[in-house]
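Accompanying notes for the structure given below.
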Amino acid sequence: MDALPESLPSPDLAALAHALGPLAPAFAIRWAETCDSTNSALLEAPPENDGKIHVLAATRQTAGRGRRGRQWLAWPGASLTFSALWRFTPAASAPAGLSLAVGLALARALEKLGVAAVALKWPNDVLAHGAKLAGVLVELLPGRRAAPAAVIGIGLNLRLPAEAVIPGQPGGVTDLAREMAGPPAREPVLAAILAELHPTLATYERAGFGLLKNAWQQRNAFANLPVRVSGEGADIAGICLGADEDGALLVRDATGVRRVLAGEVSLRPAAP
Ligand code: BTN
């Protein structure tokens with residue numbers, strides 16, 4: 001991997017809007033130089049509902065958060081980090097399987113950018129050639145609001161430093177620089193992801209995760225493979241059958257088909 005830049009040029013928001021094309025007016029995008037966590041910032045001060053999807057990207061996060069209380073580690077220029085505040089129609093029920101839908105949109109965007117061997121690891125890691133390329137952290141906005149709203153946080157490895165050590169990843173980690181011959185700048189990458197999130201979440205909102213399930217299953221990294229699920233009192237070893245209509249993981253063990261809800265659990269490959 002190449003040496004990392006000490007500082008990055010300011011993001012080119014005009015290039016971002018240009019890459020979004022007709023979808024640009026649907027988004028209100030801010031790009032901060034530094035932020036503790038883009039998820040925390042949107043959760044703590046959600047922008048007024050003006051009908052747009054508010055996106056906050058940060059060149060550097062000082063306290064980026066991952067699932068299961070982990071950190072999203074930061075090095076200059078190493079990753080694309082942003083969050084989107086998604087407001088659902090007032091009639092929408094509690095979002096089930098939302099983080100899987102987001103993972104699917106991310107996978108589709110990466111495929112369109114030319115990344116090969118993209119797969120999804122339940123509930124919401126995106127892998128390339130078996131190694132983690134991106135992660136998703138979905139958090140619901142608290143309170144009794146007219147419509148449910150979620151902060152969708154995405155971290156995508158762009159160019160990890162050679163010395164980067166990211167614990168807890170059995171398949172290792174990878175970045176876009178490794179997965180693409182000439183990785184594009186961060187603006188078109190963000191535009192590609194937002195352009196895929198928009199229709200995928202429109203489908204999700206209309207029909208729930210059920211309509212996206214097949215597309216998710218096609219990319220399931222552990223389809224029909226032995227896995228071990230642990231955490232939150234669960235310790236299940238069995239064959240991964242994929243995702244249920246509501247995004248729960250289905251694992252077949254000696255007792256039958258078990259459903260695992262996406263909480264603070266981890267999924268790992270298990271020896272056959
Ligand atoms: C994971 O893999 O555990 C999820 C990682 C999510 C990281 C992103 S980076 C942008 C947003 N802000 C955060 O603090 N976390 C998410």
Please arrange LEU104, LEU141, LEU13 by counting, for each residue, the other beta carbons lying within 10 Å of its beta carbon, fewest first.
-> LEU13, LEU141, LEU104
Which residues' amide hydrogens lie under 5 Å from the amide hydrogen of ASN49, considering only partners 5 or more residues apart or on another chain, with H built in the peptide plane?
-> none
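In the chain, what % of DSSP beta bridges are antiparallel (nearest 5)? Walk me through the intermediate numbers first.
On the way: 49 of 59 bridges.
Counting DSSP beta bridges with both partners in the chain, the antiparallel share is about 85 percent.
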Could you work out the helix-only [θ] at 222 nm for the chain, with each DSSP H run of four or more residues adding -39,500 (n - 2.57) and the total divided by the number of residues, to the nearest 500 deg cm²/dmol?
-> -7000 deg cm²/dmol
For GLY64, residues with placed amide H under 5 Å, excluding near neighbours | TRP72
For the chain, state what percent of all Cα-Cα pairs lands in each successive 10 Å bin, counting from 0 Å until the bin that includes the largest distance.
-> 7, 30, 38, 21, 5, 0
Euclidean distance of C-alpha centroids, the stretch 192-251 and the stretch 49-73, integer Å | 22 Å
If you project the alpha carbons of the stretch 222-269 onto the principal axes, what extent comes out on each, in Å, largest first?
-> 22, 21, 20
Ranked by Cβ crowding within 10 angstrom, fewest neighbours first, how are ASP253, ASP244, ASP175 ordered?
-> ASP253, ASP244, ASP175
DSSP-loop GluC sites (Glu not before Pro) across the stretch 178-264, with at most 13 other Cβ within 10 angstrom | GLU232, GLU245, GLU264
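None of the figures in this text is laboratory data; all of them are computed from the coordinates on show. Keep in mind that what you see is a predicted model, and the values were worked out from it rather than measured. As a convention, Cβ positions derive from the backbone with ideal geometry for all residues, glycine included, and neighbour counts pool all protein chains shown.
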